[in-house]
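> My structure is below; once you've seen it, I'll send some questions.
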Amino acid sequence: MRPLGDSPLVRNDKTLVLAHDHGVEHGPKQFSGVEDRLDPNHVFEMATHDAVTALAVGKGLTETYYPSYKDDVNLLAKLNGGSDLWMGDPYSAHNWSVDYAAELDVDAIGYTIYPGVNDEVEMFEAFGEVQENARDHDLPIAMWAYPRGQAVKEHRSKEIIAYAARLGLELGSDFTKVKYPRSKENMAYAVQSAADNRVLLSGGSKTSDREFLELVEDCMDVGVAGLAVGRNVWQRENPYEMLDMLEEVVFEGASADDVL
Ligand code: FBP
């Protein structure tokens, strides 16, 4: 595993990224029932919870809100993204640079790739540049590895998620965020496929407390390095209660039963 020095992203060898790029990826409909969170201050405030080792947001939220939270929030700069209005082949447009993110004093870089899409070549090349630039600035980089495209019939299958995890190792990420491949055994295979790379579970749409915490427990059991979770935290009526429970399951090895 590439050492990360004293990166604030890691605590007891584990990581919890609060992902909040949904305003780009899915738009305001994601805030239905929790409209107060359309104000990003609420989510920056959540990211001050001890369980959160980094908050992943894009350029606009970083420029506008991060200056007020710099002392209390570690920021993971999500450099690319795309709206769900786009009807073409999946693509994630790069709209700010590592240099600019470093100027804004962020703690880490995040970048999506869609292996298998028609533009895979461009996405891999772009990731290569971003990765080297992140190294120049000594910033850890997290890859959102989401296989898509015509050859990907089932994007959460055992082999596809293991392939996504492996790509993180091969292309030089420090963390690789993958979707849950439908079983604990399949996740164990993804972790094994990633060898020394740190695999993060992508949270997914909001489920019950028990369902989500049992999923997290299963993933931690098989060697996942932590989570990059959005909706299962910030869409909750009481996100702080969930963060309290996640803190114990992710960093202290508690079970879902222990914390519920
Ligand atoms: P969630 O935990 O809410 O699933 O967030 C993780 C994430 O990767 C976000 O960073 C991103 O906005 C979203 O999932 C993409 O989800 P989808 O693949 O469903 O568009």
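The values are calculated or read from the model by the stated rules, or taken from the named source; none is laboratory data. Small disclaimer: the values here were computed from a predicted structure and weren't measured. Neighbour counts are summed over all protein chains in view; Cβ atoms, including those assigned to glycine, are modelled from backbone coordinates with ideal geometry. To get the accessible areas, we keep the full protein, side chains included, count just its heavy atoms, and leave off ligands, DNA and RNA. Shrake-Rupley method; radii C 1.70, N 1.55, O 1.52, S 1.80 Å.
> Over 10 Å intervals from 0, what percent of Cα-Cα pairs in segment 13-59 sits in each interval?
Bins of 10 Å from zero give 25, 53, 20, 2 percent of pairs.
> While we're looking at this one, here's another question. Treating only the Cβ atoms of Lys and Arg (+1) and Asp and Glu (-1) as charged, compute the dipole magnitude of the chain about its Cα centre; round to the nearest 20 debye.
Computed about the Cα centre, the dipole is about 820 debye.
> Expected output is a single nm value to one decimal: the length gained when fully extending between H155 and S83, i.e. 0.36 nm times separation in residues minus the C-alpha distance. What is it?
Separation in residues times 0.36 nm, less the Cα-Cα distance, equals 24.0 nm.
> Please work out the FRET efficiency for the pair D244 and L38, using the Cβ-Cβ distance as r and a Förster radius of 30 Å; give the result to the nearest 0.05.
With R0 = 30 Å, the Cβ-Cβ based efficiency is 0.80.
> Which one, L260, I160, N186, projects farthest toward the positive side of the charge dipole computed for segment 155-260 from Cβ point charges (K/R +1, D/E -1)?
Of the candidates, I160 comes out farthest on the positive side.
> Shape verdict for segment 1-131, please, from the Cα gyration tensor: rounded (a/c under 1.5), prolate (a/b greater than b/c) or oblate.
Judged from the Cα gyration tensor, segment 1-131 comes out oblate (a/c at least 1.5, b/c at or above a/b).
> Which whole-number percent is the relative contact order of the chain (Cα, under 8 Å, 6+ apart)?
18 percent.
> With the Cα gyration tensor of the chain in hand, give its eigenvalues times 5 under a square root as the equivalent ellipsoid semi-axes, listed largest first in whole angstrom.
Each semi-axis is the square root of five times an eigenvalue, giving 24, 22, 19 Å.
> So how long is each side of segment 131-260 along the principal axes, counting just the alpha-carbon atoms, biggest first, in Å?
40, 37, 24
> Same structure, new question: Accessible area per residue for segment 95-252 in Å², computed with a 1.4 Å probe and the full protein assembly in place, what is it?
Solvent-accessible surface per residue comes out at 42 Å².
> So, in nm, how far is label T207 from label R182 when the simple model puts each one 7 Å beyond its Cα toward the Cβ?
1.4 nm
> Next question. Roughly to the nearest percent, how much of the accessible area of segment 15-259 is carbon and sulfur, given a 1.4 Å probe?
45 percent
> Please list, by residue number, every one of the trypsin sites (Lys or Arg not before Pro) in segment 160-260 that is coil in DSSP and has at most 14 other beta-carbon atoms within 10 Å.
Answer by residue number: R182.
> Let me ask something else. So what is the relative contact order for segment 44-178, in percent, with contacts set as C-alpha pairs under 8 Å and at least six apart?
So the answer I get is 19 percent.
> Of the listed pairs K59/K206; K153/K179; K78/K206, which have alpha-carbon separations greater than 18 Å here?
K59/K206; K78/K206
> Calculate the spin-label point distance for D72 paired with Y100, positioning each point 7 Å from the Cα along the beta-carbon direction, and give it in nanometres.
2.8 nm
> In percent, what relative contact order does segment 158-249 have, based on Cα pairs under 8 Å that are 6 or more apart in sequence?
Relative contact order of segment 158-249: 27 percent.
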